[in-house]
Every structure is written in structure tokens, then in C-alpha cells.
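Read through the structure below, which is laid out as C-alpha cells, and then see the notes.
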Amino acid sequence: MNKKRLGSSRLLKAQWDDSIRRTVYVSDIDHQVTEEQLAALFLSCGQVVDCRVCGDPNSVLRFAFVEFTDEGAAHRALSLAGTVLGYYPVRVLPSKTAIVPVNPTFLPQSEDEREMCARTIYCTNIDKKISQVEVKLFFERFCGKVARLRLLGEYRHSARIAFVEFEMAESAIAALNCSGAILGSLPIRVSPSKTPVRPCMTRSFMI
């Protein structure tokens, strides 16, 4: 049983690392640019698997993660740095984290879960030295009471991600303004979550 778990863990890590190599981080995105427009820009580099625009839609600039089917396409995408999209030239860099896939079964399945989703944010680029408790304290200090938190990614990764559910929707909205804030030694990236943090998730990841 342990060998099966170890094999599964190694497979997941290999898949995660492969996804990172196929992903680029795009910043300085005009707030009027849609995910479809951004994906269209990168189609000249290769097939786009996923495109996730993040950040407060009310801010002037946002950021995104674009994942391709192969590593070569991600390398070619770096040459698009400086391309004007909307009113601003975008910046394109190798990503330090993968896009967490949104499995349809993870999406809100009820009105309660949709309400939970409205209170939840997706946080990336978390310093690997930062603990679950420190992430929780950070968001409670600036945004409001945290109801549930799930921290993902292993210590050997350069950065980790988290799903943070607040008690109040207003706190989740306030958390969007924390995008770019330094937590540990890295600027975190915050966007609305497309999935709720379910109570049945693995206990070791929960607070």
C-alpha cells in the first residue's frame, strides 16, 4: 500500500513539474483584456491548454498563467514579452507554479457551495518557508476571519498555492487587494477561486 502511495506521489510531482515547465506567467495585463484574447495572442506559439487571468478586475493591471501542450511552446511564448495588448505591453516570464486544473466535480455543486466560493480566494506564489498558520494570520490581519484554508505544494517546490475561505464575502473581496503584497520573500498573487474548499478535504491540509 505504501509503495502504491509513493508511486502515486512521484507521478503527481512529475506531472506538476511538467506542467510548470509548460506554463508562462504574464503580467501587466490591461483590465479590459479577456482570457480569450490573451489565449489568442499566444496561439502563435503553440496550443494553449489553459489560460487563467488573476487579480482584481477593478485594478488597472492584472496577471495570468498560460499553459501550453509542450515545453517548446512555453519557450516561444517568452518572445512575446513587450507585445501591446489593450493599452499596455505585457511581460512574459517562466512560471514558478502550475495552473491548478478545475475539474468539473470541484466546481460548486449547490447554492451553499456557490456561496462558499464567493468567500474563497486562490493564492499563488507563496514562499515555501511560510507555514499554513502564517498564511492564515496574514489574511486575518488584513482581510478578516478565515473559516478554512488549504495549502498545497511541497517544500521542494519553489512556491506553493493556497485556497482561503473567509467567513464573510467582503473579506474575500478585500483579499484581492493583497495581490502583490510580500509574504515571506515573495509577492503573492490573489484571485477569486473557481472552486469551494470542501470540509471533506484531506485533514493535513486544513486549518
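Each value in this text was obtained by applying a stated rule to the coordinates, not by laboratory testing. Computed from a predicted structure; not experimentally measured. Neighbour counts are summed over all protein chains in view; Cβ atoms, including those assigned to glycine, are modelled from backbone coordinates with ideal geometry.
Numbers at a glance
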| quantity | calculated |
| --- | --- |
| Rounded if a/c under 1.5, otherwise prolate or oblate - the range 117-167, Cα gyration tensor axes | prolate |
| Cross-link reach list, aspartates and glutamates versus K129, counting only Cα pairs under 20 Å and skipping chain neighbours closer than eight places | D17, E140, E154 |
| Global size of the range 35-79 as Cα Rg and Dmax, reported in angstrom | 11.1, 34 |
| Residue-wise HN-Hα coupling along the range 175-190, computed from phi with Karplus coefficients 6.51, -1.76, 1.60 (Hz; x: Gly, Pro) | 5, 4, 6, 7, 4, x, 5, 7, 10, x, 10, 10, x, 6, 10, 10 |
| Label-point gap, in nm, between D70 and Y87 - each point 7 angstrom along Cα→Cβ | 3.9 |
| Shape call, the range 57-100: gyration tensor on alpha carbons, a/c limit 1.5 | oblate |
| Mean Cβ neighbour count within 10 Å, used as a protection proxy, ranking 134-143, 61-70, 179-188 highest first | 61-70, 134-143, 179-188 |
| Ordering of 31-37, 170-176, 44-50 by burial proxy (mean other Cβ atoms within 10 Å per residue, highest first) | 170-176, 44-50, 31-37 |
| Pair E36, S131: separation of 7 Å Cα→Cβ label points (nm) | 4.7 |
| Ordering of 84-95, 119-130 by packing [mean C-beta count within 10 Å, highest first] | 119-130, 84-95 |
